[in-house]
Amino acid sequence: MLGVDPGLRITGYGAVRYAGQALDLVGYGHVRTESGQPLEQRLVRLRDALLDAMRRFAVHEVALETPFVGQNVRSALALGEARGAALIAAAELGLPVYNYAPADVKRSVAGYGRGDKESVARSVALQLALTAVPTPADAADALAIALCHLAHRRARLLAGGAR
């Protein structure tokens, strides 16, 4: 399972899986793009890096955070473009994509839907038995998205649901 925290400047990604009953960190990282580059080159860089991560970590599913649209329309547009690059990468490999709202991710991982980034990152480190919080924050957020998806998937399986 690969979680992706999309952003045009920095996109975080993180892969986790169940090893028996325990959660296991597969790996994580981030992609930076240069603001001076043309948009299309930045999006290709994001897509290529995410394709590489999906292949390297041998994931079967992708989870993305849905955009939180606030006051800044320009930021929302950039986030949507980065999400598009992630969606295309998953589609190129035939991977299903699941979407989670930021509040759902925080609630699932940290127990509170309005928690700050630091509390989410500490919860990620605790759940994955890491000695340090993953950095940068975008990678920790991506791992939180992956953990959220695994929690939702497990709940569906326990309830007898499919997929």
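A few comments on the model shown:
Yes or no, residue by residue, for (1) within 17 Å of LEU50 (Cβ to Cβ); (2) part of a helix (DSSP H, G or I); (3) aliphatic (A, V, I, L, M); (4) modelled with pLDDT under 95:
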position	(1), (2), (3), (4)
LEU147	no, yes, yes, no
ALA151	no, yes, yes, yes
ARG154	no, yes, no, yes
ARG163	no, no, no, yes
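- The residue of segment 18-69 that is nearest to ARG83 (Cα to Cα), among those that are over 14 Å from the mean Cα position of the chain (by Cα), part of a helix (DSSP H, G or I) and among the hydrophobic types (A, V, I, L, M, F, W, C), is LEU43.
- Only one of ALA137, ALA101, ALA78 that is touching a residue at least 40 places away in the same chain (Cβ under 8 Å), over 20 Å from ALA15 (Cβ atoms) and surrounded by fewer than 21 Cβ atoms within 10 Å (Cβ to Cβ): ALA78
- Comparison of ASP48, ASP24 shows that the only residue that is surrounded by fewer than 18 Cβ atoms within 10 Å (Cβ to Cβ), out of contact with any Gly (no Cβ under 6 Å at 6 or more places or on another chain) and closer than 12 Å to ALA146 by Cβ is ASP24.
- Qualifying residue in segment 109-116 (condition: surrounded by 17 or more Cβ atoms within 10 Å (Cβ to Cβ) and under 17 Å from ALA15 (Cβ atoms)): yes
The values are calculated or read from the model by the stated rules, or taken from the named source; none is laboratory data. What you are looking at is a predicted structure, and each value in this text was computed from that prediction instead of being measured. Here Cβ is always computed from backbone atoms with ideal geometry, including for glycine, and neighbour counts include all displayed protein chains.
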